């Protein structure tokens, strides 16, 4: 019986830390001071929208965002950002960043994903914490 209670408690604590996509009413736009590039639309651009999951895991740290290796901003949990990119192939990346323990391994957990965005098209990406550790940045429909 004690084992069952212990296993249930562990399962509950792990699931409470998992991240999940935010509902529309939970989303907030990233502050403009956290976005450093691709903010002004130009004729012929494509649109990239990146959203960070909500949840406890890594919630006290920012996720740095990169497009083609260039630092373009950072997101807190439940934040979304829109970038106006030239049409074509792009590499979208992220890693954990911030002060204190958040910056301790900055860059060590970098993850990237490739996408092709045509003129006038919009692509969405989601940053999620992985249950085994680390983060992912993957295409999404939400």
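Data table
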quantity	calculated
Residue in segment 51-68 that is over 18 Å from residue 102 (Cβ atoms), modelled with pLDDT of 95 or more and either more than 15 Å from the chain's Cα centre (by Cα) or in a loop (DSSP other than H, G, I, E, B) (or both) present	yes
Residues of segment 112-134 classified as out of contact with any strand residue (DSSP E or B) (no Cβ under 6 Å at 6 or more places or on another chain) and part of a strand (DSSP E or B), total	0
Residue among 94, 141, 77, 82 that is touching a residue at least 24 places away in the same chain (Cβ under 8 Å) and either over 26 Å from residue 24 (Cα atoms) or in a loop (DSSP other than H, G, I, E, B) (or both)	77
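The values are calculated or read from the model by the stated rules, or taken from the named source; none is laboratory data. Since the structure is predicted, the reported quantities are computational estimates derived from the model, not experimental observations. FYI the Cβ positions are ideal-geometry reconstructions off the backbone, even for glycines, and counts take in every protein chain you see.
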